[in-house]
1. Please determine, by comparing only the residues of region 16-30 that are more than 14 Å from GLU74 (Cα to Cα) and in contact with a helix residue (DSSP H, G or I) (Cβ under 8 Å, 6 or more places away or on another chain), which one is surrounded by the fewest Cβ atoms within 10 Å (Cβ to Cβ).
2. Give the residues of region 53-110 that are among the aromatic types (Phe, Trp, Tyr) and either within 12 Å of the chain's Cα centre (by Cα) or at pLDDT 90 or above (or both), sorted by residue number.
3. Considering only residues that are over 11 Å from the mean Cα position of the chain (by Cα) and assigned to a loop (DSSP other than H, G, I, E, B), which ones fall in region 1-21?
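The values are calculated or read from the model by the stated rules, or taken from the named source; none is laboratory data. Since we're looking at a predicted model, the values are computed, not measured. As a convention, Cβ positions derive from the backbone with ideal geometry for all residues, glycine included, and neighbour counts pool all protein chains shown.
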Amino acid sequence: MFHKVKIVNALDNYRLSVQFAEGVTKIYDVSRLFSTWTAFISLKDNPILFKKARVDVGGYGVIWNDELDISCDELFANGETIKTPFDGLMSFNDATTLWGLNESTLRKAI
């Protein structure tokens, strides 16, 4: 299944809070990539850059610059699911994008 990132927040200790369009929130530890992918060491060396994490256009992942990004599938598969008061909530716009249904069809379904 393909997951789209809706919101990302950079946390302390090189962790990301990632909210997905389907209403799931996960915490992803970027520090695990430092020993695997040398490009990510630049985030360790530059915490200000790490804090600039943002959602890629279209929600396909998280990006910092032209060289550094993480796919939505990696974030979803290897992030730790956390419970929030917003779990399961999805806007009509997100549902339309995910499933290709128009808003009137979605309103009828609920």
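1. Quick first cut of region 16-30, residues more than 14 Å from GLU74 (Cα to Cα) only: 21-24.
Now restrict to residues that are in contact with a helix residue (DSSP H, G or I) (Cβ under 8 Å, 6 or more places away or on another chain): 21-22, 24.
Details: ALA21: 19, GLU22: 17, VAL24: 19.
Result: GLU22.
2. We begin by selecting, within region 53-110, every residue among the aromatic types (Phe, Trp, Tyr); these are 60, 64, 76, 86, 92, 99.
Correct list: TYR60, TRP64, PHE76.
3. Step one: list which residues in region 1-21 are over 11 Å from the mean Cα position of the chain (by Cα), which gives 1-2, 11-15.
Matches in region 1-21: MET1, PHE2.
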